[in-house]
Amino acid sequence: MSKSKVRLLTSACAVSVVVLGAAVAWGQGRPTEVVNPAPTNAAPAGAPLSFAPIVQKVAPAVVSIEIVGHATPRQVALNQGGDDSQGQAMPFFFGAPFQQFFGGGFPPGRGEPDGQPLPKIHAAGSGFFISGDGYILTNNHVVEDADKITVHMNDGKTYTARLVGRDPATDLAVVKVMGGPFPFVSFENAAKPRVGDWVVAVGNPFGLAGTATAGIVSALRRENVADSPLLDYMQIDAPINRGNSGGPTFDTEGRVVGVNTAIFTPSGGSVGIGFDIPAGVASSISRQLIAHGHVNHGYLGATVQQISPDLAQSLGMTAEDGAIIDAVTPGGPAQKAGLKNGDVLVAINGEPVHSPHDITRIVAFSEPGARLILSVRRGGGAETLQATAGVRPDEETLAREMEPRDDDGTNGG
């Protein structure tokens with residue numbers, strides 16, 4: 001096989017381009033024969049020759065969601081640069097490096113905190129039909145501030161949607177349109193995605209409806225991403241941007257394996273690090289939202305910390321063997337069960353605890369009223385306690401519970 005090297009010159013630099021895979025015979029200054037041999041590199045194992053069949057199969061079920069609403073003071077502050085959000089996980093339009101995202105926004109410099117009207121939001125996100133009778137799953141942060149929700153389908157049809165329910169704790173929401181039957185997609189709940197599996201994301205980035213991008217699963221069980229303490233996220237490298245939020249990620253069978261929710265971005269654009277809510281969580285939460293309009297998460301009523309290496313050594317443990325109880329909420333399920341400050345919680349209902357995140361996740365996805373068997377290390381010995389899961393309060397209430405308290409149990413300060 002011959003090589004043809006072409007050097008392109010500009011006023012700024014010289015660029016060398018090597019063209020491989022073509023043999024050219026020249027005669028009288030013109031090509032007389034072009035030979036295109038078969039590719040020498042086969043597609044990676046398991047990769048389809050084309051993603052077109054997958055996209056054609058699922059694209060009709062993916063929709064663009066347009067919202068009109070009013071910005072919150074927090075969003076205005078972020079838009080004006082009045083909030084020091086660098087490095088924080090912000091569930092709003094703006095903030096870095098983790099961003100929950102959808103397109104649109106509002107004019108900067110408007111909406112003062114002195115009682116003036118806040119600006120209107122005109123924005124767009126993504127969603128997808130999960131039933132033929134019009135239920136659509138999306139992100140909570142796409143629709144939470146919406147006064148009007150409009151759904152645009154792949155075939156050009158437009159519908160006005162109503163909010164069925166939303167769950168801020170997992171950043172999921174369900175809206176519904178009238179009509180049908182609509183094309184819909186199913187969740188993959190059995191064959192869990194693996195790191196390295198191919199995935200395809202379809203959505204509405206920057207208002208470009210029906211955009212499909214492909215990549216692989218980059219990592220699983222990413223903790224402390226975006227603004228939800230409950231979730232283990234799936235990381236993908238398929239490019240997703242503002243407007244993809246709430247859209248689906250598919251496996252090569254066309255089944256939903258995740259819901260696009262956040263990206264890591266120093267600049268605001270895709271750098272190939274995106275985060276999805278796993279399909280199992282999305283499937284369970286969407287069913288509860290359709291049935292009840294809300295989701296009640298389990299609650300223990302304790303603040304916990306990661307075990308330090310020094311403490312772990314003194315206890316004869318590793319730093320990943322459990323999490324230490326820092327405080328219990330007066331009158332909460334943990335206190336009623338006998339959990340105390342300094343206890344090391346090593347398992348809940350037999351599931352090992354390796355971090356505070358594990359406790360939050362296990363308890364939150366327990367039904368309120370469910371029995372929680374707590375395996376505890378206390379004073380060098382092992383104990384088993386039994387708690388009854390309560391109802392998880394909203395995030396503002398939880399934040400107040402985590403503030404320092406005086407010895408009498410009241411908030412300090």
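The values are calculated or read from the model by the stated rules, or taken from the named source; none is laboratory data. None of the values given here were measured: they were computed from a predicted structure. Cβ: placed from backbone, ideal geometry, glycine included. Neighbour counts: every protein chain shown.
State all residues of region 289-315 that are surrounded by fewer than 18 Cβ atoms within 10 Å (Cβ to Cβ) and under 24 Å from LEU137 (Cα atoms); if no residue qualifies, say none.
Once the filter is applied, which keeps residues that are surrounded by fewer than 18 Cβ atoms within 10 Å (Cβ to Cβ) and under 24 Å from LEU137 (Cα atoms), region 289-315 yields ILE290, ALA291, HIS292, GLY293, HIS294, ASN296.
Quick check on my filter: what residues within region 233-251 are more than 20 Å from VAL55 (Cβ to Cβ) and out of contact with any Pro (no Cβ under 7 Å at 6 or more places or on another chain)?
Across region 233-251, the qualifying residues are TYR233, GLN235.
Just to be sure, is VAL200 of a type in the set (Val, Ile, Thr) and under 14 Å from the mean Cα position of the chain (by Cα)?
no
Kindly check whether there is at least one residue in region 323-346 that is within 23 Å of VAL225 (Cβ to Cβ), in contact (Cβ under 8 Å) with a residue 12 or more places away in the chain and polar (S, T, N, Q).
no
Here's a check for you: in region 203-215, which residue that is assigned to a strand (DSSP E or B) and more than 16 Å from the chain's Cα centre (by Cα) is nearest to GLY156 (Cα to Cα)?
Only one residue tops the list, namely THR211.
I need a count of the residues in region 344-388 that are within 28 Å of the chain's Cα centre (by Cα), loosely packed, with under 15 Cβ neighbours inside 10 Å and of a type in the set (S, T, N, Q).
1
All but one of (1) part of a loop (DSSP other than H, G, I, E, B); (2) modelled with pLDDT of 90 or more; (3) within 29 Å of the chain's Cα centre (by Cα) hold for GLU320; state the number of the condition that does not hold.
Of everything listed in (1) part of a loop (DSSP other than H, G, I, E, B); (2) modelled with pLDDT of 90 or more; (3) within 29 Å of the chain's Cα centre (by Cα), GLU320 misses just condition (2).
Somewhere in region 184-201, is a residue of a type outside the set (S, T, N, Q), crowded, with 17+ Cβ neighbours inside 10 Å, in the same structural domain as ASN154 (by TED's automatic domain parsing) and in contact with a Pro (Cβ under 6 Å, 6 or more places away or on another chain)?
No, every residue in region 184-201 fails to be of a type outside the set (S, T, N, Q), crowded, with 17+ Cβ neighbours inside 10 Å, in the same structural domain as ASN154 (by TED's automatic domain parsing) and in contact with a Pro (Cβ under 6 Å, 6 or more places away or on another chain).
For residues that are more than 16 Å from VAL363 (Cα to Cα) and either more than 28 Å from the chain's Cα centre (by Cα) or part of a loop (DSSP other than H, G, I, E, B) (or both), tally how many sit in region 298-317.
11
Can you work out which of the residues in region 176-202 that are assigned to a loop (DSSP other than H, G, I, E, B) and among the β-branched types (Val, Ile, Thr) is farthest from LEU163 (Cα to Cα)? Spell out the reasoning first.
Step one: filter region 176-202 for residues assigned to a loop (DSSP other than H, G, I, E, B), giving 177-186, 188-197.
In the following step, the residues that additionally are among the β-branched types (Val, Ile, Thr) were identified as 177, 185, 195.
On the way: VAL177: 9, VAL185: 20, VAL195: 35 Å.
Here the residue is VAL195.
How many of the residues making up region 130-175 are of a type in the set (Gly, Ala, Ser) and part of a loop (DSSP other than H, G, I, E, B)?
Looking only at that region, the number is 5.
To keep it simple, each residue is scored yes or no on (1) over 24 Å from ASP167 (Cβ atoms); (2) part of a loop (DSSP other than H, G, I, E, B).
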position	(1), (2)
VAL225	no, yes
LEU230	no, yes
GLN235	no, no
THR249	no, no
THR261	no, no
PRO266	yes, yes
GLY269	yes, yes
PHE275	no, no
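Does region 383-400 hold any residues that are in contact with a strand residue (DSSP E or B) (Cβ under 7 Å, 6 or more places away or on another chain) and more than 15 Å from GLY332 (Cβ to Cβ), and which are they?
GLU383, THR384
Using the structure shown, decide if PRO229 is within 16 Å of the chain's Cα centre (by Cα), assigned by TED's automatic domain parsing to the domain that holds ALA279, over 18 Å from ASN260 (Cβ atoms) and not basic (Lys, Arg).
Numbers: within 16 Å of the chain's Cα centre (by Cα): yes; assigned by TED's automatic domain parsing to the domain that holds ALA279: yes; over 18 Å from ASN260 (Cβ atoms): yes; not basic (Lys, Arg): yes.
For PRO229, the condition - within 16 Å of the chain's Cα centre (by Cα), assigned by TED's automatic domain parsing to the domain that holds ALA279, over 18 Å from ASN260 (Cβ atoms) and not basic (Lys, Arg) - is met.
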